[in-house]
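What follows draws every value from the coordinates through simple rules; no lab data is involved. Being a predicted model, the structure only gives us computed values, none of them experimental. Reconstructed Cβ throughout: ideal geometry from the backbone, glycine too, with neighbour counts over all protein chains shown.
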Amino acid sequence: MSEPKPLSARGLHRFYRRGDTEVAALLDVSLTCAPGETVAVVGPSGSGKSTLISLLAGLDDPDGGSVQVYGSLLSHQGPTQAARLRARHIGTLTQHSALLGQLSVRDNVLLAASLRSRARGARRQPAAVDELIDALGLVAVRHSLPRQLSGGETARAGLASALAGQADVLLADEPTAEVSASEEASVLDLIQRWRPPHGATVLVTHSAVVSAAADRVLHLRDGRSVAA
């Protein structure tokens, strides 16, 4: 019997109401990631990229289809079960910083690591958090609050929180959108070096540089998967 894939989404549909009109955000989109694979999701604005990330993270439920993480059903679960699976396996980097404003960079990363350790029944390892902060070049700002960070520092701090506790699946929505060209290269290099080595990485991006670095590219247009 083959090992379950780190991340598998089949036949995803998602519809929204806009007044009296039903709008299709995703139509029959499937994505399966092999162990260690990085997939870039590209397409014009409004093509369904962010909707796909929300479904893959278990932050929203599809109207049709399903999402599995290591063979466990993530979609169509109760909020407690979905949150438990997300905490155990998934690190998410959103377009807008998910860092808690009242906590320092280090405390944000420690909190993320604690939640993942608790979900796995393991002990928290502050030394591993400090190693991650050091590796991502955040030592100088580890005691700073999110509002005191530059765009590049915010991106790296968000990445540290997403990876804390050794996430199995990294989902990043426009991870380099708010950084300069030079910072983009740095953030991309960090993602490549610190992504889950045997898990899955999905990067939603408008950047040709980021998509070129992926193992595979999924193209979306009008909510559908299309050929390049």
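Quote to one decimal, in nm, the extra length available between Ala34 and Glu3 on full extension: 0.36 nm per residue of separation minus the C-alpha distance between them.
Working: separation 31, 0.36 × 31 = 11.16 nm, distance 1.02 nm.
Length difference between fully extended and current span is 10.1 nm.
Starting from the Cα gyration tensor of segment 124-188, take the square roots of the eigenvalues, sort them a ≥ b ≥ c, and report rounded, prolate or oblate (rounded when a/c is under 1.5, otherwise prolate if a/b is larger than b/c, else oblate).
oblate
Hull surface divided by four, with the convex hull built on the Cα atoms of the chain: how many nm²?
Its average projected convex-hull area is 13.2 nm².
Mind giving me the nanometre distance, one decimal, between the label points for His76 and Leu100, set 7 Å out from Cα along Cα→Cβ?
It is 3.4 nm.
When you count, for each residue, the other Cβ atoms within 10 Å and take the mean per peptide, how do 184-194, 46-56 rank with the highest first?
46-56, 184-194
Would you mind classifying segment 1-119 by shape? Square roots of the alpha carbon gyration tensor eigenvalues, ordered a ≥ b ≥ c; an a/c under 1.5 is rounded, otherwise it is prolate if a/b is larger than b/c and oblate if not.
The shape class here is oblate.
For the chain, take the longest principal axis of its alpha carbons; what is the angle in degrees between that and the long axis of helix 79-89, to the nearest 10 within 0 to 90?
For helix 79-89, the angle is close to 60 degrees.
Evaluate E = 1/(1 + (r/R0)^6) for Arg118 and Ser182, where r is the Cβ-Cβ distance and R0 equals 35 Å; express this FRET efficiency to the nearest 0.05.
0.40
Sort segment 155-228 into rounded, prolate or oblate with this rule: let a ≥ b ≥ c be the square roots of the eigenvalues of the Cα gyration tensor; rounded if a/c is under 1.5, and if a/c is not under 1.5, prolate when a/b is larger than b/c, oblate otherwise.
Details: a/c = 1.92, a/b = 1.31, b/c = 1.46.
Since a/c reaches 1.5 but b/c is at least a/b, the shape of segment 155-228 is classed as oblate.
Can you tell me the order of 129-141, 148-160 when each peptide is scored by its average per-residue count of other Cβ atoms within 10 angstrom, highest first?
148-160, 129-141
Just from its helices, what would the mean residue ellipticity at 222 nm be for the chain, if runs of 4 or more DSSP H residues each count -39500 (n - 2.57) and the sum is divided by every residue, rounded to the nearest 500 deg cm²/dmol?
-10000 deg cm²/dmol
Tell me the label-point distance for the pair Asp189, Leu145, using the 7 Å Cα-to-Cβ offset, in nm and rounded to one decimal.
About 3.2 nm separates the two model spin labels.
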